[in-house]
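The values are calculated or read from the model by the stated rules, or taken from the named source; none is laboratory data. Since this is a predicted model, take the numbers as computed values, not measurements. Here the Cβ is made from the backbone with ideal geometry for all residues, glycine too, and neighbour counts use every protein chain on show. With ligands, DNA and RNA removed, areas are computed over all heavy atoms of the protein, side chains included. Shrake-Rupley method; radii C 1.70, N 1.55, O 1.52, S 1.80 Å.
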Amino acid sequence: MSFEFLDSPVLGIETSCDETAAAVVHGREVLSSVVASQAGMHARWGGVVPEAAARAHVEALLPVLHEAESMAGVRSQAIAVTDRPGLIGALSTGITMAKALAYARDLPLVGVHHLFGHLVSPFARFQDYDSPPPVPHLCVIVSGGHTEVVLVRGPGDLEILVETIDDAAGEAFDKGARLLGLGYPGGAELERLAKPGDPTRYSLPIGVRDDPRHFSFSGLKTAMLRLVEREGESLVRQDAAASLQSAIVEALASKVEATLERVSCRGVSLAGGVAANRSLREALSIVSARNGCSFHVPPMGLCTDNAAMIALAGSSMLARGMRDGLDLDASATAKLNEA
Ligand code: KG4
Ligand code: ZN
């Protein structure tokens, strides 16, 4: 069964971590997508501070909502909001706003799993991107909090085939970046540093190579720490960055390839903030082509946390008759399966 979307405007709200976001979609079309990032604020502390995140959402939410709705220029007919997983205080700000709007405007409300949002993002029509993946396809979700390879057989038929047993891929980039003295979050800076580097100079572990169902990135962080300590002043930072990036990309690409060999699907999509990484995109597009699959990666504005993906995911849920009441609540953890 393919993905269907509601044929009317849906407002999406996302506040699960450190971006305050609102967006309006109509069908697959993204009419507006506004994101206020708190990354600069959290960078001071080297990570997201939950209490500060919730307070910043409260401040940013109304202006972000107004901007998204006025840019879209239409009246939203339903409201979708991220309700899980994430920081409880942060999630609650978005949920409270969504409930108030649904009540005041008498509109249907639906709570969306954050990862289901990432998973649906490649279906969007946005700027010059219009490349919905076939169903079934394999969706590779790589972000600061999650690393999952999901077989998407249909909107309510998802199977997690590979997941991480410890750190997420983005976390591996961020921790490596920190060891190399880069800012937080460090993925993009690490990619920049790695560009002229030699990825073969330092050997770093790929992690649970023989286990087809799991990724493991925590060994990489330890190996990086040892490398930095051992080499001291003589460390060639760009080569260390390139070696780390290559180990992460190799871990992801090899497991995606092994998965493609055991399931039958016609496409691969890539979502989440780490999808910004050029070397990962290249590796996965090669793996996809080699296995007769099309490759789909939405523009970066839809890969990093945003509300268009939540509106879109909510639209697909509403199209299937799913609704939530005003008792909708936040949940810190939740598995992505039946979304
Ligand atoms: O999806 P996202 O915006 O937020 C979460 O849901 O976590 O992902 C953020 C993650 C961070 O770990 C960040 O370092 C990473 O995506 N990231 C990158 C790049 N740009 C962002 N990692 C590698 N290379 C990049 N160019
Ligand atoms: Zn995310």
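Quick one: if the Förster radius is 35 Å, what FRET efficiency do Arg290 and Arg320 give, using the C-beta to C-beta distance and rounding to 0.05?
Once rounded, the FRET efficiency stands at 0.50.
Could you give the nm distance between label points at Leu107 and Glu4, where each point is 7 Å from its Cα heading toward the beta carbon?
About 2.2 nm separates the two model spin labels.
Quantify, in whole percent, the carbon and sulfur part of the accessible surface of the range 81-203 (1.4 Å probe; protein heavy atoms only).
50 percent
Specify which residue in the list Gly144, Gly86, Val120 is farthest towards the positive end of the charge dipole of the range 84-150, using unit charges on the beta carbon of Lys, Arg (+1) and Asp, Glu (-1), about the Cα centre.
After comparing all options, I get Gly86.
Using a Förster radius of 35 Å, what is the FRET efficiency between Arg75 and Ser218 based on their Cβ-Cβ separation? Nearest 0.05, please.
The value I calculate is 0.15.
Amide H neighbours of His296 under 5 Å, counting only residues 5+ apart in sequence or on other chains, H built in-plane at 1.01 Å?
Hits under the 5 Å cutoff: Val268, Ser269, Leu270.
When the solvent-accessible surface of protein heavy atoms is calculated with a 1.4 angstrom probe, in what order do Phe3, Phe295 fall, highest first?
Phe295, Phe3
Whose amide H sits under 5 Å from the amide H of Asp167, counting only residues 5 or more places off or on another chain, with H placed in the peptide plane?
Result for Asp167 returns Phe217, Ser218.
If eta is 1.567 mPa s and T is 4 °C, what Stokes-Einstein diffusion coefficient results for the chain, Kirkwood Rh from Cα pairs, in µm²/s?
64 µm²/s
Round to the nearest 0.05 the FRET efficiency obtained for Gln127 and Arg278 when R0 = 22 Å and r is the Cβ-Cβ distance.
Given R0 = 22 Å and the Cβ-Cβ separation, E is 0.70.
Within 11 Å, Cβ to Cβ, of Ser315, how many net charges do the neighbouring residues add up to if Lys/Arg are +1 and Asp/Glu are -1?
With Lys, Arg at +1 and Asp, Glu at -1, the net is -1.
Find out how many positive minus negative residues lie around Gly325, taking Lys and Arg as positive, Asp and Glu as negative, among other residues whose Cβ is under 15 Å from that of Gly325.
Result for the neighbourhood of Gly325: -3.
Only Cα pairs within less than 10 Å get springs; with that Gaussian network setup on the chain, which residue of Gln77, Gln127, Gln245 has the largest fluctuation?
Greatest mean-square fluctuation among the candidates belongs to Gln127.
When the solvent-accessible surface of protein heavy atoms is calculated with a 1.4 angstrom probe, in what order do Glu69, Glu29 fall, highest first?
The ranking, largest first, comes out as Glu29, Glu69.
Determine the calculated [θ] at 222 nm for the chain from helices alone, applying -39500 (n - 2.57) to every DSSP H run no shorter than 4 residues and normalising by the residue count; nearest 500 deg cm²/dmol.
Helices in the chain give a 222 nm mean residue ellipticity of -13000 deg cm²/dmol.
P(r) tail for the range 212-325, what percent of Cα pairs lie past 22 Å?
Summing the P(r) tail past 22 Å for the range 212-325 gives 52 percent.
Check the straight Cα-Cα distances from Lys255 and name the lysines below 27 Å, setting aside those fewer than 8 residues away within the same chain.
Lys255 reaches Lys175, Lys195, Lys221, Lys335.
Per residue, how much accessible surface does the chain expose to a 1.4 Å probe? Answer in Å², no decimals.
Solvent-accessible surface per residue comes out at 41 Å².
In the full protein assembly as shown, how much of Ile88 is accessible to a 1.4 Å probe, in Å² to the nearest 10?
Taking all protein chains as shown, Ile88 has close to 80 Å².
What figure in square angstrom, to the nearest 10, would you give for the accessible area of Tyr129 with a 1.4 Å probe?
The accessible area of Tyr129 comes to roughly 30 Å².
Per-residue HN-Hα couplings for the range 157-165, Karplus 6.51 cos²θ - 1.76 cosθ + 1.60 at θ = phi - 60°, whole Hz, x for Gly and Pro?
9, 10, 9, 7, 9, 9, 9, 8, 8
Label points 7 Å out from Cα along the Cβ direction at Ser203 and Val58: separation in nm?
It works out to 5.4 nm between the two label points.
Determine the order of His66, His118 by accessible area, beginning with the largest, at a probe radius of 1.4 Å.
The most accessible residue leads, giving His66, His118.
Mind grabbing the accessible area of Asp210 for me, 1.4 Å probe, Å², rounded to tens?
Accessible area, nearest 10 Å²: 140 Å².
Simple spin-label model, 7 Å along Cα-to-Cβ: Asp210 to Glu51 in nm?
For the pair Asp210/Glu51, the computed spacing is 4.8 nm.
Per-residue HN-Hα couplings for the range 29-36, Karplus 6.51 cos²θ - 1.76 cosθ + 1.60 at θ = phi - 60°, whole Hz, x for Gly and Pro?
Using θ = phi - 60°, the values come out as 7, 8, 7, 7, 8, 10, 10, 10 Hz.
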